[in-house]
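S.K.: Attaching a single structure in structure tokens format; questions to follow.
The values are calculated or read from the model by the stated rules, or taken from the named source; none is laboratory data. Keep in mind that what you see is a predicted model, and the values were worked out from it rather than measured. Remember, those area values only see protein heavy atoms, side chains included, never the ligands or the DNA or RNA. Shrake-Rupley method; radii C 1.70, N 1.55, O 1.52, S 1.80 Å.
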Amino acid sequence: MTQKWQRREISNFEYLMFLNTIAGRTYNDLNQYPIFPWVLTNYEDSEVDLTSPNNYRDLSKPIGALNPSRREYFEERYASWENDQVSQRRKAEKKALVLTVACLSPSRSLHSTTAPTILRPCSC
């Protein structure tokens, strides 16, 4: 598929949808919604000249570092973020996952393709 895209046999949209699909992203799950890069910078003009390099963002930088004020904001936010908050949240997420898996019906496999996984009542 990448070779088709490189040869311009498929559009950028088709290629991005392919990448999102093989990554397991879908419109049916808001947590796994397809990702499309933000590439334009000019949203003020009624017509955008797509041949002008000034209308595209610098893809070597993350969204948070597109201009000095955004970069400063996110660097300050990162520096003030307490690592304890992050580790406590991850511990809680892991605990919730373990409890969910522990409550799965033993008659169903997590990899079952014939029927959805059935949860049994549990006292977790």
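S.K.: Expressed in nm to one decimal, what extension gain is obtained for the pair Ala79 and Ala92 from 0.36 nm per residue of sequence separation less their Cα-Cα distance? Walk me through the intermediate numbers first.
M.R.: Numbers: separation 13, 0.36 × 13 = 4.68 nm, distance 2.30 nm.
Length difference between fully extended and current span is 2.4 nm.
S.K.: Would you please give the residues with an amide H less than 5 Å from that of Tyr56, counting only those at least 5 places away or on a separate chain, with H modeled from the backbone geometry?
M.R.: Correct list: Thr41.
S.K.: On full extension of the chain, what length is gained from Leu30 through Asp58, given 0.36 nm per residue of separation minus the C-alpha to C-alpha distance? All intermediate terms of the calculation are to be shown ahead of the outcome.
M.R.: Values: separation 28, 0.36 × 28 = 10.08 nm, distance 2.75 nm.
Result for the pair: 7.3 nm of gain on full extension.
S.K.: Once the whole set of protein chains is in place, how much accessible area is left on Trp5, using a 1.4 Å probe, in Å² to the nearest 10?
M.R.: That residue has around 90 Å² of solvent-accessible surface.
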